[in-house]
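Report on the following structure.
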Amino acid sequence: MRLFVSADLDGLASGVAAVQSLFEDADGLRFTDPQQAHITLKFLGDTDPDRLGELTDALSEAVADADVGPFEAEIGGLGVFPHLDYISVVWVGVRDGGDRLTRLHESIENATTAIGFDPEDHEFTPHATIARMDHAGGKALVQDVVESRDPDVGTVRFEEIRLTESELTDDGPVYSTVERFPL
């Protein structure tokens, strides 16, 4: 099972699609499905199904330890990874509520590394990927939009996080919820 922990942007698909439309003429961009927009709190990777019990226990404890409760987050703004000179991912950020997402991430990171999952190798930036750049044909347009626009996606209320399975297909990843963890 290929797994990650997510905070899903339920109800914001039209806002995500509107932001993606700013890049519609950028050659080389592959857009993510707006219906599947989410903030990845922890990528776990290929996981033995026999570890699910241990993992769900650790995630339950992590959510309790983070103690953030349900909260709203304002989603908006643009960014790229790794940087504007070499773009592999285009994302929307979190204007308000990022501190609670960071607290959740840190708690999940501690709980999952304690049971043997690999630690993250980069700093956590709360974001939702909206596109991946396959080649640099549209790089100048992407750079221009990221530097000149500051779109609002909308406000989402996080009442849970999810353990999500990602199945890679020829048409892109298909996500399914394995477990929900109320905040």
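The values are calculated or read from the model by the stated rules, or taken from the named source; none is laboratory data. Since the model is a prediction, treat every value here as computed from it, not as a measurement. Counting neighbours? That spans all protein chains shown, and the Cβs are built from the backbone with ideal geometry, glycine included.
Structure values in brief
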read-out	value
Cβ-Cβ under 7 Å pairs, at least 6 apart or on other chains, segment 105-120 side within 20 Å of Arg180 (Cβ to Cβ), far side among the aromatic types (Phe, Trp, Tyr) and modelled with pLDDT of 95 or more	His105/Phe124
Matching residues, segment 114-144, being outside any strand (DSSP E or B), under 22 Å from Asp96 (Cα atoms) and β-branched (Val, Ile, Thr)	Thr125
Flag if Asp99 is of a type in the set (D, E, K, R), under 14 Å from the mean Cα position of the chain (by Cα), outside any strand (DSSP E or B) and more than 16 Å from Val145 (Cα to Cα)	no
Pair list, Cβ < 8 Å and 6+ apart or interchain, from segment 78-92 residues that are surrounded by fewer than 16 Cβ atoms within 10 Å (Cβ to Cβ) to residues that are modelled with pLDDT of 95 or more and among the basic types (Lys, Arg)	Ser88/Arg132; Val89/Arg132
Of all residues making up segment 15-33, the number that are within 17 Å of the chain's Cα centre (by Cα) and in contact (Cβ under 8 Å) with a residue 60 or more places away in the chain	8
Test: residue in segment 65-73 that is more than 13 Å from the chain's Cα centre (by Cα) and under 19 Å from Gln36 (Cα atoms)	yes
Candidates Ile115, Ile161, filtered to the one that is of a type outside the set (Lys, Arg), under 23 Å from Phe4 (Cα atoms) and crowded, with 18+ Cβ neighbours inside 10 Å	Ile161
Restricting segment 35-58 to residues that are in a loop (DSSP other than H, G, I, E, B) and within 20 Å of the chain's Cα centre (by Cα), the residue that is nearest to Thr113 (Cα to Cα)	Thr47
Filter result for Glu109 (touching a Lys or Arg at 6+ places or on another chain (Cβ under 7 Å), in a helix (DSSP H, G or I) and either modelled with pLDDT of 95 or more or closer than 15 Å to Ile161 by Cβ (or both))	yes
